[in-house]
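**Q** Below is one structure. I have some questions about it.
The values are calculated or read from the model by the stated rules, or taken from the named source; none is laboratory data. All of these numbers come straight from a predicted model, not from anything done at the bench. No Cβ is skipped: glycine too gets one built from the backbone with ideal geometry, and neighbour counts run over all protein chains shown. Quick note on the areas: whole protein, heavy atoms, side chains included, nothing else; ligands and nucleic acids left out. Shrake-Rupley method; radii C 1.70, N 1.55, O 1.52, S 1.80 Å.
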Amino acid sequence: MTSGTYTVGELAALAHVTVRMLHHYDAIGLLIPSGRTHGGYRRYSDTDLVRLRQILYYRSLEFGLDDIATMLAEPDVTAEDHLRRQHRLVREQIDHRRELLAALEKEMEARQMGISLTPEEQFEVFGTDKVSGEWADEARDRWGDTAAYRESRRRTARYTKDDWQRLKEESDAGLIAFRDAMTAGVDARSVQGTALAEEHRQFLTRWFYDCGYDLHRGLADMYLSDDRFRQTYEQVAPGLAQYVHDAVHANADSAQR
C-alpha cells in the first residue's frame, strides 16, 4: 500500500466492503477513484476514503444511492456538515427506536397479562399509561413462573373490558390515597399508613393472586430498585415509592409479629 493511496482491493479490505461494490460505485459516478496507474488500475486517495465513509454512513441510514449522490453533490457542504447531518439523523432514529421499543414492551406486557381487549378498548381503558396489571408483571419478573404468576394469568385471561376498567379505577384510587396521606404528613408506619398498605395487598389478592406479606414486601422492594416501577409512583408524587415501600414493610411487620 502506497502512503495515502489505495488499490481497489486495499480500499475494499479497509472499509469492509467488496471490490464489486467499489466497481459499481465507480461505474455510476458515486465514488470515482482520484487516479489510475499506467496500467489503468484504480488508485484511491485519502479524500476518496472520506467520501466512501460518507457513502457508507448514509447507506446505513437507508438512503438510496441516487439520494446519496445528490447530497454529496450539494455545493458548499463540507465533510463536517455531512457528519453533523448524519449525527442528527442517527439521533432521530435512536429516539424513534426507543419509542418503538416502549410500544412493543407495552404490547408484550398486555399479552403476557392475558388482556383480550381490542386496540380501541385498550387505549380507552389504559390511555397512554402503563397497563394497570403492573403488579402481576412485577411478580413475573421477580419470581418467574410461580404459582402466584400462574394464578394471575388464569384470572386475568377471563377479564372483560369492564373488569379492567374497575381494576384500573381501584388501582388509581389506591395511588391517590397513598399520595394524599403522604402529602398530608401521615407517617407511612402509622395505623393509617399501614391500613393503606393492607388495602393495596388486598387489591392484589382480589385481582391477581394471593399476595402474602413476604410477597408484598418483595414487590415494595422492587418499587424502589426498579426504575420502571418506581416511576409509576414518582409520577404521582416525588417520594411516593419510598412512602409505599415503608408502609408495606410496616404493615407486614405488624401482621407477622
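**Q** Can residue 53 be described as open to solvent by 90 Å² or more (accessible area, probe 1.4 Å), in contact (Cβ under 8 Å) with a residue 24 or more places away in the chain and assigned to a helix (DSSP H, G or I)?
**A** Values: open to solvent by 90 Å² or more (accessible area, probe 1.4 Å): yes; in contact (Cβ under 8 Å) with a residue 24 or more places away in the chain: yes; assigned to a helix (DSSP H, G or I): yes.
Yes: the conditions hold for residue 53.
**Q** Just give me the residues in the range 187-211 being open to solvent by less than 30 Å² (accessible area, probe 1.4 Å) and either assigned to a helix (DSSP H, G or I) or under 16 Å from residue 251 (Cβ atoms) (or both), in sequence order.
**A** 188, 193, 194, 196, 197, 200, 201, 203, 204, 207, 211
**Q** Name the residue that is farthest from the chain's Cα centre (by Cα), counting only residues in the range 156-181 that are crowded, with 18+ Cβ neighbours inside 10 Å and over 11 Å from residue 203 (Cβ atoms).
**A** Among residues in the range 156-181 that are crowded, with 18+ Cβ neighbours inside 10 Å and over 11 Å from residue 203 (Cβ atoms), the one farthest from the chain's Cα centre (by Cα) is 181.
**Q** If you go through the range 78-97 one residue at a time, do you hit one that is farther than 20 Å from residue 6 by Cα, modelled with pLDDT of 85 or more and part of a loop (DSSP other than H, G, I, E, B)?
**A** Scanning the range 78-97 turns up at least one residue that is farther than 20 Å from residue 6 by Cα, modelled with pLDDT of 85 or more and part of a loop (DSSP other than H, G, I, E, B).
**Q** Another question, then. What number of residues within the range 162-215 are under 19 Å from residue 236 (Cβ atoms) and among the polar types (S, T, N, Q)?
**A** Within the range 162-215, residues that are under 19 Å from residue 236 (Cβ atoms) and among the polar types (S, T, N, Q) number 3.
**Q** Is one or more of the residues making up the range 174-191 closer than 26 Å to residue 102 by Cβ, in contact with a Leu (Cβ under 6 Å, 6 or more places away or on another chain) and of a type outside the set (Lys, Arg)?
**A** For the range 174-191, residues closer than 26 Å to residue 102 by Cβ, in contact with a Leu (Cβ under 6 Å, 6 or more places away or on another chain) and of a type outside the set (Lys, Arg): present.
**Q** Which of the residues that make up the range 216-242 are hydrophobic (A, V, I, L, M, F, W, C), assigned to a helix (DSSP H, G or I) and open to solvent by 30 Å² or more (accessible area, probe 1.4 Å)?
**A** Correct list: 224 only.
**Q** If I ask for residues that are of a type in the set (D, E, K, R) and assigned to a helix (DSSP H, G or I), which ones from the range 243-257 would you list?
**A** The answer is 246, 253.
**Q** Further question: Of all residues being in a loop (DSSP other than H, G, I, E, B) and among the β-branched types (Val, Ile, Thr) in the range 28-50, which is most open to solvent (accessible area, probe 1.4 Å)? Just the residue, please.
**A** 32
**Q** May I pose another question? Yes or no: the range 9-27 includes at least one residue that is at pLDDT 90 or above, surrounded by fewer than 12 Cβ atoms within 10 Å (Cβ to Cβ) and among the hydrophobic types (A, V, I, L, M, F, W, C).
**A** Yes, that holds for at least one residue.
**Q** Quick one: how many residues across the range 158-180 are in contact (Cβ under 8 Å) with a residue 60 or more places away in the chain and among the hydrophobic types (A, V, I, L, M, F, W, C)?
**A** Residues in the range 158-180 being in contact (Cβ under 8 Å) with a residue 60 or more places away in the chain and among the hydrophobic types (A, V, I, L, M, F, W, C): 3 in total.
**Q** Has the range 59-73 got any residue that is open to solvent by less than 40 Å² (accessible area, probe 1.4 Å) and either over 40 Å from the mean Cα position of the chain (by Cα) or within 20 Å of residue 6 (Cα to Cα) (or both)?
**A** Looking through the range 59-73, none of the residues is open to solvent by less than 40 Å² (accessible area, probe 1.4 Å) and either over 40 Å from the mean Cα position of the chain (by Cα) or within 20 Å of residue 6 (Cα to Cα) (or both).
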